[in-house]
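Engineer: This is the structure, below, for whatever I ask next.
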Amino acid sequence: MTAYKIALLDGDGIGPEIMAEAVKILDLVGKRNNIEFDLQHGAFGAHAYFDHGHSFPEATKQLCDSADAILKGPIGLSHEESKKIPVDMQPERGALLPLRRRYNTFANIRPVFLPKSLAHFSPLKPEIIGEGIDFIIIRELVGGLYFGKKESGINAQGKRYVNESLEYDEDQIANIAKVAFETSMKRKKVLHNIHKSNVLKSSVLWNEVLEEVGQDYPEVEIKHILVDAAATYLCLNPGQFDVMVMENMFGDILSDQGGGILGSLGLMPSACLGPEKAYYEPSHGSAPDIAGQNIANPYSMIGSVAMMLEMSFGLEAEARNVWHAMQSVFAQGNSTPDLSKPGEGVKMISTQAFGDLVVEELDKTPVSSS
Ligand code: IPM
Ligand code: MG
């Protein structure tokens, strides 16, 4: 029997609730495919700090080191609550960035996907959505401003100042470019390169290296587009995009905009791939305002499981089955209070009920079906 160990980092806020639903799916997938998933929870995030004195405790590092893949929930507290934790231990700086650095998860894959049947979730007009929204944001995840040199203090004029640098070397750019071209080759072979080379030197190098890598992929058409213009086109004509590639900070911002045009970041799973290890996480935050109410939709967490099945375990058909199961649950008119307002034919259900229905749908689907 195949066996995989998965580290489950529930995280903060709604994390444990949506993780519980992801676990139901993993249990069923294991049974259906004769795979033993060894699921082990590790403390990570603000709760880990309060319980263990560190937001990424040593025991969790060991667990992640020994796991075949990592499934991570959202982390973080409200702005006010965060102040109870020293700045460098706050879960974003103390846990998430160190996790990304530890496994060099340079390739962040964020599908922005809404089939026509779910178009009602989107704030965009039906004529803009057309046949649905379907593109992938590929974000470089371990470079740029997030990981560049930082200093702050008092300058020669006696003023407080801060200096953070946007750093990339050519290998980092080439690595993410390869992932983008490979992804494009499996899709429509149109790659939008997002940059700001009219101002930033980092973008000049980025574009140069991307074009060099592109010589190995002559079938892929490269379309260069400035990041500010890309933000506009995401609203006006998202259908033109298929694969978009960009540096870390641009990707942080535009992927949230991707969630916005779907109608919610709750519809945004993601994969963070490194050379040896990958972790999977919803793109959204921990939503402390709705935590513990059983109203958060687990789509992004279950979608992250689907990405893990495909990318870490090669279970492509089963990953598709999980996506279809979630879409059928929505297509039957079900939704959760975080995604929809009551009324207009919506069957409002809880986080747990949503997970149960996905399990039911998946259970009905033949294992080998694709
Ligand atoms: C994301 C998040 C993180 C980021 C935060 C939580 C540090 O917004 O994954 O997009 O900025 O990368
Ligand atoms: Mg973000």
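The values are calculated or read from the model by the stated rules, or taken from the named source; none is laboratory data. Note that the coordinates shown come from a computational prediction; the quantities given were computed from them, not determined experimentally. FYI the Cβ positions are ideal-geometry reconstructions off the backbone, even for glycines, and counts take in every protein chain you see. In case anyone asks, the SASA skips ligands and DNA or RNA and just uses the protein heavy atoms, side chains included. Shrake-Rupley method; radii C 1.70, N 1.55, O 1.52, S 1.80 Å.
Engineer: Heavy atoms only, probe 1.4 Å: what % of the accessible area of the stretch 176-330 goes to carbon and sulfur, would you let me know?
Structural biologist: 52 percent
Engineer: Output the relative contact order of the chain, whole-number percent, from Cα pairs under 8 angstrom with separation of 6+ residues.
Structural biologist: Averaging sequence separation for qualifying contacts and normalising by length gives 20 percent for the chain.
Engineer: With a probe of 1.4 Å, find how much accessible area the chain has per residue, and write the answer as a whole number in Å². Intermediate results must be reported in sequence, preceding the final value.
Structural biologist: Working: 16400 Å² over 370 residues.
So the chain comes to 44 Å² accessible per residue, rounded to a whole number.
Engineer: Straight-line reach only, C-alpha to C-alpha below 17 angstrom: list the lysines that K188 could link to, leaving out same-chain residues fewer than 8 apart.
Structural biologist: Those lysines meeting the cut-off are K178, K223.
Engineer: With all protein chains present, how much of the accessible area of the stretch 1-132 (probe radius 1.4 Å) comes from carbon and sulfur, to the nearest whole percent?
Structural biologist: 52 percent
Engineer: In terms of the ratio Rg/(2.2 N^0.38 Å) built on C-alpha atoms, what value belongs to the stretch 246-345?
Structural biologist: This ratio for the stretch 246-345 stands at 1.16.
Engineer: From the alpha carbon gyration tensor of the stretch 89-198, can you work out the equivalent ellipsoid semi-axes (sqrt of 5 times each eigenvalue) and give them in Å, largest to smallest?
Structural biologist: 35, 19, 16
Engineer: If you wrap the chain's Cα atoms in a convex hull and average its projection over all directions, what's the area in nm²?
Structural biologist: 19.8 nm²
Engineer: Right, another one. When only the heavy atoms of the protein chains count and the probe is 1.4 Å, how do K341, K364 rank by accessible area, highest first?
Structural biologist: Heavy-atom accessible area, descending, gives K341, K364.
Engineer: Taking loop as defined by DSSP and a crowding limit of 13 other beta carbons within 10 Å, which GluC sites (Glu not before Pro) in the stretch 322-370 fit?
Structural biologist: Taking the stretch 322-370 and a limit of 13 other Cβ atoms within 10 Å, the loop GluC sites (Glu not before Pro) found are E344.
Engineer: Now a separate question. Pairs of alpha-carbon atoms within less than 8 angstrom and 6+ residues apart define the contacts here; what relative contact order does the stretch 247-365 have, in percent?
Structural biologist: After rounding, I find 22 percent.
Engineer: GluC sites (Glu not before Pro), restricted to the stretch 50-147: which are DSSP loop and have at most 14 other Cβ atoms within 10 Å?
Structural biologist: Passing both the DSSP loop test and the Cβ count: E131.
Engineer: Considering all projection directions equally, how large on average is the shadow of the alpha-carbon convex hull of the stretch 150-231, in square nanometres?
Structural biologist: Convex hull of Cα atoms, orientation-averaged projection: 7.0 nm².
Engineer: Mind checking which lysines have their C-alpha under 19 Å from K341, skipping anything on the same chain fewer than 8 residues away?
Structural biologist: Cα-Cα hits under 19 Å: K125.
Engineer: So what is the 222 nm mean residue ellipticity for the chain from helices alone, if each DSSP H run of at least 4 adds -39500 (n - 2.57) and you divide by all residues, rounding to the nearest 500 deg cm²/dmol?
Structural biologist: -12000 deg cm²/dmol
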